[in-house]
Amino acid sequence: MKGIKEISEQIRDGITRFIEAVDDTESVLDKTIVDMKARLAEAKDLVATAIAEEQRLKRAYQEATDSAEIWGKKADTASQAEDLERVSEARQRQQQHLSRADDYKRQMNAQAAVVERLKTALHDFYQRFRDAAKRAETLCYRQKQTETRAQLYKLLSDEIDNDVSKALEAAEQKLKETEVEAEVWERKRRRTTTETETTADKTDLDQALADLKNDILGSRGND
């Protein structure tokens, strides 16, 4: 039969297992959210890198355009001076920079399109992350709430009540037996004490009679 201490230990073990189960559930959710957060941070870095490349292409395009404009002005100046050789050289350099600028512009436009797609993908993933984090928080709360209810009703089940009742009945029975034993020994003690007192009273009476007899006989002997 289970004792009160054993039942108490079972309840404590049940609570411990419940807390561990909740911790495990939270751990899985936390790992999932942490993983998504890490992916989000990595995705941001990738988008930032793509944006940086787009900005680099824009600067290169602007530099090529500015250089083409400079060589165009040089060609105009040489044309005014009727320096055909310098005009030809300046026009060639101008054309080189214009060609380079066109190439940068194509790359820049392509990169801009990539960046827009990456931004859209990042935004979508961010929304999924927020939704997942919110849902995880809700699920975690509901999981705790549900498991708390289940564990509480389990702890308060009829089986525990029966064990407690049996333990109490056993304790009451043992108390009754101890009380009976105590009463037996108490009566035995009272009887022993009474017999001892009776024996002592009888001894005192015999001694008193002996003393009286001695007094009487002693008086006659003197007469």
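The values are calculated or read from the model by the stated rules, or taken from the named source; none is laboratory data. Keep in mind it's a predicted model, so treat the numbers as computed, not measured. Methodologically, a virtual Cβ is constructed for each residue, glycine included, from the backbone with ideal geometry; neighbour enumeration extends over all protein chains shown.
Here are a few things to note about the model shown:
- Set Glu54, Glu85, Glu89: member being among the acidic types (Asp, Glu), buried (at least 16 other Cβ atoms within 10 Å of the Cβ) and out of contact with any Ser or Thr (no Cβ under 8 Å at 6 or more places or on another chain): Glu54
- Single condition Ala121 does not satisfy, out of (1) loosely packed, with under 14 Cβ neighbours inside 10 Å; (2) more than 30 Å from Ala38 (Cα to Cα): (2)
- Within region 25-52, residues that are closer than 13 Å to Ala121 by Cα have Cβ atoms under 8 Å from residues that are modelled with pLDDT under 90 and among the aromatic types (Phe, Trp, Tyr) in these pairs: Leu40/Phe129, counting only partners at least 6 apart in sequence or on another chain.
- Test: residue in region 138-161 that is among the hydrophobic types (A, V, I, L, M, F, W, C), closer than 26 Å to Arg39 by Cβ and in a helix (DSSP H, G or I): yes
- Test result for Tyr141, surrounded by fewer than 10 Cβ atoms within 10 Å (Cβ to Cβ) and at pLDDT 70 or above: no
- Test result for Asp76, within 39 Å of the chain's Cα centre (by Cα), of a type in the set (Asp, Glu) and either surrounded by 12 or more Cβ atoms within 10 Å (Cβ to Cβ) or assigned to a helix (DSSP H, G or I) (or both): no
- Being at pLDDT below 85 and within 36 Å of the chain's Cα centre (by Cα) holds for only one residue in Leu152, Leu212, Leu205, and it is Leu152.
- Residue that is surrounded by the most Cβ atoms within 10 Å (Cβ to Cβ) [pool: residues in region 104-115 that are in contact (Cβ under 8 Å) with a residue 24 or more places away in the chain and out of contact with any Leu (no Cβ under 9 Å at 6 or more places or on another chain)]: Val115
- Test: Leu29 is surrounded by 12 or more Cβ atoms within 10 Å (Cβ to Cβ) and closer than 30 Å to Cys140 by Cα: yes
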